[in-house]
Amino acid sequence: MKKAPPNWQDIITKKTAWSDTDFEGKDTLYWSSTFNPKAGWITKYDTCLDKATEPYCRFYDVYTKFPGSNLLNDKKEVTFTEPKQGGAGTCYIMSSVATVAEFPTVMNEVFLTKEKNEAGIMAVQFYIRGKPWHVTLDTKLLFNVDNQLVDPVYLEFAGPDDTKKIMWGALLEKAWAKVKGNYDNADGGFVNSGLRVLTNVPVFTYSGKDLTDQTKQDATWNILVAADKANYVIGAGTDGGGNDQENNSCGMAMSHAYTILSTFLIGAEKLLLIRNPWGSTHYSLAGWKHDSAIWTAENIKLVPLGINPTTSHKQGIFVMPYSKFYASTDRCLDEIMVGHMRNGEGYKDSWYDKDGDDDGVNDVYKVTVPAKSGDLYFTAETYFQRTIPNSCFTGGEVTP
């Protein structure tokens, strides 16, 4: 990430096919000499990629494999139902992507290129350590084959939308893998990091286990309702030991990240509208799942964003009682993260970046607070874990 990105505007103008030689082939998947990548990854991808003939996993330009597809929809916008996590453990970034996509104008600022081009180059903007970075990549993605599927040729990692016409989710995940070094390094992370990378807004975390009395429970609900009304971005995560193939008592994947789309009421019941970045769900909470008798025509009308909870499970969207966030047993969610997206109120950000701060001295920084009323936010950030190869250091391995 220290290397300046190529001039993508000139490359697009020249209309000459471009390949990202800094991020291609097997090196996009893992670094064989560093960080002891998962043995399953090595076995699977080395075996697959080393096959001499198709059909085996190969890198192809995504637009050639999905004829008629484009980066964004016909309006050059995004929707929160489009991104879908695939075979990489990137739920924290893919759920954050869907969270921000609830506000297309904000999400569209991430994309410096808004549509496919003949050069096959894409450019996005992320915030790294609070600082805007431009990231360029080509539009080649890893495809695999499973003849037992209806569509046997599929994207190995994040996929397109249901129509197979919109590719921004898959390509944005690749851009994030490039920031992290490769897909293996991108495997596992935190929702607050995902929200900040996309928006640079300050993020606050609320833990369900801390809501030990009615006063705290009501106060946090009021915070979530106010955040929803203010169009803040809200994410969530479940507890677990690192295996998202295990479900909790609510049928929600453990050690997994989710999008919170809205808060609302049905009678006195406080409810959360949630999306799984897989684009599907095994949510099974009695009384609130998609086939529950609670979903009368009248109650369906009370669900925000035009969502019909009797069918939305096919897109990974479901309704959860807020009480299952702080329940003493059988808690559905562990944490909720709220990003204070306040650009519309005139809030602005600035940053100070110091490289090579390894002299062992604790520096002191002083800030003159402007003579204005309102909130002032501070964050202090370093590089994301596992972005720097051990081989770059002479003093031994890096501790993330």
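The values are calculated or read from the model by the stated rules, or taken from the named source; none is laboratory data. Just so it is clear, the model here is predicted, and its values are computed rather than measured. Note that we place each Cβ from the backbone using ideal geometry, even for glycine, and neighbour counts take in every protein chain shown.
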Self-check item: Residues of segment 308-339 satisfying the condition of being among the β-branched types (Val, Ile, Thr) and more than 20 Å from GLU269 (Cα to Cα)
Solution: THR311, VAL338
Practice problem: Report, ordered by the first and then the second residue, all pairs with beta carbons closer than 8 Å, sequence separation of six or more or different chains, a first member in segment 302-314 that is without any contact (Cβ under 8 Å) to a residue 60 or more places away in the chain, and a second member that is acidic (Asp, Glu) and loosely packed, with under 13 Cβ neighbours inside 10 Å. | Solution: THR310/ASP291
Practice problem: Hey, can you tell me all the residues within segment 240-254 that are modelled with pLDDT of 95 or more, closer than 21 Å to SER193 by Cα and either not in a strand (DSSP E or B) or not aliphatic (A, V, I, L, M) (or both)? | Solution: MET254
Quiz item: If ALA257 passes every condition in (1) closer than 26 Å to THR379 by Cβ; (2) surrounded by fewer than 18 Cβ atoms within 10 Å (Cβ to Cβ) but one, which one does it miss?
Solution: (2)
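Condition first: more than 24 Å from SER350 (Cα to Cα) and within 15 Å of the chain's Cα centre (by Cα). Now tell me which residues in segment 102-135 satisfy that.
Listed by number, the list holds a single entry, GLU102.
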Exercise. Identify the single condition in (1) in a loop (DSSP other than H, G, I, E, B); (2) in contact with a strand residue (DSSP E or B) (Cβ under 9 Å, 6 or more places away or on another chain) that VAL319 does not satisfy, given that it satisfies every other one.
Key: (1)
Self-check item: Whichever residue in segment 273-286 is outside any loop (DSSP other than H, G, I, E, B) and free of Cβ contacts under 8 Å to residues at least 60 places away in the same chain and, among such residues, is surrounded by the fewest Cβ atoms within 10 Å (Cβ to Cβ)
Solution: LEU273
Self-check item: Breaking point among (1) over 24 Å from PRO83 (Cβ atoms); (2) in contact with a Phe, Trp or Tyr (Cβ under 8 Å, 6 or more places away or on another chain); (3) buried (at least 16 other Cβ atoms within 10 Å of the Cβ); (4) among the aliphatic types (A, V, I, L, M), for VAL225
Solution: (2)
Quiz item: Does ILE274 satisfy the condition of being in contact with a strand residue (DSSP E or B) (Cβ under 7 Å, 6 or more places away or on another chain), at pLDDT 95 or above and over 30 Å from HIS134 (Cα atoms)?
Solution: yes
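Yes or no, residue by residue, for (1) assigned by TED's automatic domain parsing to the domain that holds HIS313; (2) modelled with pLDDT under 95; (3) touching a Pro at 6+ places or on another chain (Cβ under 8 Å):
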residue: ASN192; (1), (2), (3): no, yes, no
residue: VAL225; (1), (2), (3): yes, no, no
residue: THR259; (1), (2), (3): yes, no, yes
residue: GLU269; (1), (2), (3): yes, no, yes
Self-check item: Among the candidates GLU118, GLU82, residue that is assigned to a loop (DSSP other than H, G, I, E, B), in contact with a strand residue (DSSP E or B) (Cβ under 7 Å, 6 or more places away or on another chain) and acidic (Asp, Glu)
Solution: GLU82
Exercise. Please state which one of PHE59, PHE35 is at pLDDT 85 or above and either within 17 Å of ASN182 (Cβ to Cβ) or not basic (Lys, Arg) (or both).
Key: PHE59
Quiz item: Pick from LYS270, LYS324, LYS289, LYS314: which is part of a strand (DSSP E or B) and among the charged types (D, E, K, R)?
Solution: LYS270
Self-check item: Leading residue by the ranking (surrounded by the most Cβ atoms within 10 Å (Cβ to Cβ)) among those in segment 65-78 that are in a loop (DSSP other than H, G, I, E, B) and in contact (Cβ under 8 Å) with a residue 60 or more places away in the chain
Solution: VAL78
Exercise. Exactly one condition in (1) surrounded by 19 or more Cβ atoms within 10 Å (Cβ to Cβ); (2) at pLDDT 80 or above; (3) in contact with a helix residue (DSSP H, G or I) (Cβ under 6 Å, 6 or more places away or on another chain) is not met by ASN117; state its number.
Key: (1)
Quiz item: Of the residues GLU345, GLU335, which single one is of a type in the set (Asp, Glu) and modelled with pLDDT of 90 or more?
Solution: GLU335
Exercise. Give the residue, chosen from LEU302, LEU265, LEU285, that is modelled with pLDDT under 95 and farther than 21 Å from ASP161 by Cβ.
Key: LEU285
Practice problem: Kindly check whether there is at least one residue in segment 198-216 that is touching a residue at least 40 places away in the same chain (Cβ under 8 Å), closer than 18 Å to MET94 by Cα, within 16 Å of the chain's Cα centre (by Cα) and surrounded by fewer than 17 Cβ atoms within 10 Å (Cβ to Cβ). | Solution: no
Quiz prompt | From ILE300, ILE307, residue being over 23 Å from SER207 (Cβ atoms), out of contact with any Gly (no Cβ under 6 Å at 6 or more places or on another chain), β-branched (Val, Ile, Thr) and surrounded by fewer than 18 Cβ atoms within 10 Å (Cβ to Cβ) | solution = ILE300
